[in-house]
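Reading through the structure tokens given below for one structure.
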Amino acid sequence: MAKILVAIKRVVDYNVRIRLKPDGSGVATEGVKLSINPFDEIALEEALRMRDRGAAEEVIVASIGPAETQQQLRTALAMGADRAVLVQADAGAVVEPLTAARTLLALVEREKPQIVILGKQAIDDDNNQTGQMLAALWDRPQATFASTIELKDDKATVRREVDTGLETLEVDLPAVFTTDLRLNEPRYVKLPDIMKAKKKPLETVTFTDLGVTPKQQVEVSHYEPPPVRQKGVMVKDVAELVGALKKRGLV
Amino acid sequence: MAANKILIVAEHAGGALNPSTAKCVTCARAIEDGEITVAVFATDGSSVAAQAAALQGVTQVLQIDNAANGHPLAAVLAPQIAALADGFTHVFGPSTTFGKDLMPRVAALIDTPQLSDIMAVESAHCFRRPIYAGNAIITVKVPADLKIVATVRTASFEAVADGGAASVEKRDVQVDLPTHTRFVEISAASSDRPDLQTARTVVSGGRALGSADGFRILYSLAEKLGAAVGASRAAVDAGYVPNDMQVGQTGKIISPELYIAVGISGAIQHLTGIKDARTIVAINKDAEAPIFEVADIGLVGDLFALVPELEKQLA
Ligand SMILES: Cc1cc2nc3c(=O)[nH]c(=O)nc-3n(C[C@H](O)[C@H](O)[C@H](O)COP(=O)(O)OP(=O)(O)OC[C@H]3O[C@@H](n4cnc5c(N)ncnc54)[C@H](O)[C@@H]3O)c2cc1C
């Protein structure tokens, strides 16, 4: 029976206002809350619903990251994933999307899923690449930015959020999907599920185990804050607002 | 011969070139010693190719006509672009949903990294791009021996003007195309208002509008201003407006002259979408709302009273 592979990334929680290290060498992550990337939570939720409807029998959740990523994988198991695989990277190592895609491809070859679901982008590097790259390397369909996914036999019909509206694609399975925000609302984890998740299998492998050589090809040389906007003015009523807009030649 | 040969993948629909392509050209022109080629994939790309050939700075337009190119499917276009990319040093597309879907697939086929959302050119191999919803800007460098595949952050570049006269050449790209991905339909929320991504003025509404009906006062104001209408994620999630109106990290990144945020709190994910707006006006009943930290002009009060009043006084 069919398996679903979900890829998740450990990122700085979306509620955190990030700070840059004073020397411009990176983003301060010490003591900062880290969570499952919100789009990946949506990916996992979708996979769980598919399984619970009988469209698959197993949901495998995978992540590439430092040893601490086990925390996020445990959360994913508590949400309902059946087992987890951590591809352990060195602490602080940068995993570029192409390396992530190659690593996921190795897992795909091992697990032979019918469906792979990822978040459309990680909210740290905002790359929006890994799903598409995996689909290319696997030579399978991609349906990105999905807002509904319907499965029927060996096909899926996917509605995608695009700039001009909603696009519908039909793809043959196996396929790669990436999630947009409105695909679903992820469930909250309940305490008993956290206890149960402790007994679920969580396997740790290395890049070498999977036959992948991580490559870092893009050199990041400097982190800087965005330009700050000048503090504006407050107007007391509509007449003043219209006056200010006219003065700027905007109306 | 130029040292840098840049291939730009044209975005188009209904026979019209999307302005995002002209913005990619501006970005490409910032690369020294460069020569720009635009590729048009369509069933019959003649009219789009002619529009691309008229863009200043474009040397050559390649027109790849194929029945399979009727709708821009990444799985179908990517192998053709990868085949065409031989002999080019850079392959650019816009960071619209079209380009974001397509370019990583191209990069993986070429076996080279992809740069997302480039906002400034430092040199032919060094660029700047935003991360963390635009809360940090990084400088990225790719080794000179690698082909650069990138999406161009359209809000960071003006569209290049017409006035060019590039040659148009039809090309046959011989590669196997998959049939595993099929276009079914596109439902565009039709509206005769200006396009959100190119409008000079944008009026946006948030959760506070309360309903689809509540948005009417914004449509009416927008009409008076000749403005496009946008929305926060909360307004889209609540079903007040369609998804293509969402502004922000996961919606559209826009750069209008004037942005009027009505009943929008100013979450960082929303602000990501409006960082490049020239003037931001905020109307919110909460004087402490974070939107006022970035607004150039702020007005505290009830939007249901202020918006109709504003429309009246603009008469
Ligand atoms: C991964 C991720 C991605 C996201 N991407 C986006 C994105 O692309 N775009 C986006 O917008 N959001 C995005 N969000 C959501 C974002 O965090 C906020 O939840 C959202 O922007 C809030 O929308 P809002 O300002 O309309 O609603 P609220 O935050 O609820 O604000 C409503 C505002 O209206 C004001 N108000 C209420 N009544 C009135 C009245 N009568 N008159 C005047 N003012 C009134 C209130 O004071 C308040 O400030 C994202 C979130 C996540 C986690």
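Each reported figure results from applying straightforward, stated rules to the coordinates on display, with no laboratory input. Values in this document were obtained by computation on a predicted structure and should not be read as measured data. Here Cβ is always computed from backbone atoms with ideal geometry, including for glycine, and neighbour counts include all displayed protein chains.
Observations on the structure shown:
- Counting only DSSP beta bridges whose two residues both lie in segment B:1-140, roughly 40 percent are antiparallel.
- A simple rule links phi to the HN-Hα coupling: the Karplus curve 6.51 cos²θ - 1.76 cosθ + 1.60 with θ = phi - 60°, which for segment A:78-93 gives 5, 5, x, 4, 7, 8, 10, 10, 9, 8, 7, 10, 4, 4, x, 5 Hz, with x for Gly and Pro.
- Here residue A:57 and residue A:229 are evaluated by their C-beta separation; at R0 = 60 Å the FRET efficiency comes out at 0.70.
- Full-extension gain in nm, residue A:94 to residue A:32, via 0.36 nm per residue minus C-alpha separation: 20.5 nm
- Given R0 = 51 Å, the distance between the Cβ atoms of residue A:195 and residue B:224 translates into a calculated FRET efficiency of 0.30.
- Relative to the longest principal axis of the Cα atoms of chain B, the long axis of helix B:19-29 lies at roughly 60 degrees.
- The peptide list B:93-102, B:151-160, put in order of mean Cβ contacts within 10 Å with the highest first, becomes B:93-102, B:151-160.
- Using the Cβ of residue A:155 as centre and a radius below 10 Å, the other residues enclosed give a net charge of -3, where K and R count +1 and D and E count -1.
- Sites residue A:251 and residue B:2 - FRET efficiency at Förster radius 56 Å, r taken between beta-carbons, to 0.05: 0.80
- For the pair residue B:158 and residue A:217, label points projected 7 Å from Cα toward Cβ lie 3.5 nm apart.
- Most mobile of B:244, B:111, B:192 in a GNM of chain B (Cα contacts under 10 Å): B:192
- With bins 20 Å wide beginning at 0, the percent of Cα pairs of chain B falling in each bin runs 32, 52, 16, 0.
- Using θ = phi - 60° and Karplus 6.51 cos²θ - 1.76 cosθ + 1.60, couplings along segment A:228-236 (whole Hz; Gly, Pro as x): 8, 7, 4, 4, x, 10, 9, 9, 9
- Burial order of peptide ranges A:86-92, B:58-64 (average beta-carbon count within 10 Å, highest first): B:58-64, A:86-92
- Among A:193, A:124, A:237, residue whose mean-square fluctuation peaks in a GNM of chain A (springs only between Cα atoms under 10 Å): A:237
- Each label point was placed 7 Å from the Cα along the Cα-to-Cβ direction; for residue A:240 and residue A:172 their separation is 6.7 nm.
- Average partner coverage of B:137-148, which counts Cβ from other chains inside 10 Å: 4
- Label point of residue B:32 set 7 angstrom out along Cα-Cβ; within segment B:146-170, amide nitrogens under 19 Å from it belong to B:146, B:148.
- Shielding score for A:213-223, defined as the mean number of other chain Cβ atoms within 10 Å: 5
- Within chain B, helix-based [θ] at 222 nm, where runs of 4 or more DSSP H residues each add -39,500 (n - 2.57), nearest 500: -7000 deg cm²/dmol
- Footprinting exposure proxy ranking of A:85, B:25, A:94, A:59, fewest other C-beta atoms within 10 angstrom first, gives A:94, A:85, B:25, A:59.
- Averaged over the residues of peptide A:164-176, the number of Cβ atoms from other protein chains lying within 10 Å of each residue's Cβ is 6.
- Amide H contacts of residue B:168: B:61, each under 5 Å away and 5 or more positions distant or on a separate chain (H built 1.01 Å from N in the peptide plane; Pro and chain starts excluded).
- Using θ = phi - 60° and Karplus 6.51 cos²θ - 1.76 cosθ + 1.60, couplings along segment B:81-98 (whole Hz; Gly, Pro as x): 5, 4, 5, 6, 6, 3, x, 9, 8, 9, 10, 10, x, x, 8, 9, 4, 4
- Distances between placed amide hydrogens fall under 5 Å for residue B:148 paired with B:90, B:91, all partners being 5 or more residues away or on another chain.
- For residue A:146, net neighbour charge (Lys/Arg +1, Asp/Glu -1) across residues whose Cβ lies under 11 Å away: -1
- Between residue B:118 and B:151, B:152, B:153, the built amide H atoms are under 5 Å apart, and every one of these is 5 or more places off in sequence or on another chain.
- Beta bridges from DSSP with both residues in the protein assembly as shown: antiparallel share about 35 percent, rounded to the nearest 5.
- Exposed loop sites are taken as trypsin sites (Lys or Arg not before Pro) in a DSSP loop (any state but H, G, I, E or B) with at most 16 other beta carbon atoms within 10 Å; the longest stretch of chain A without one runs A:54-186.
- Net charge of Cβ neighbours under 10 Å - reference residue A:6; Lys, Arg +1; Asp, Glu -1: -4
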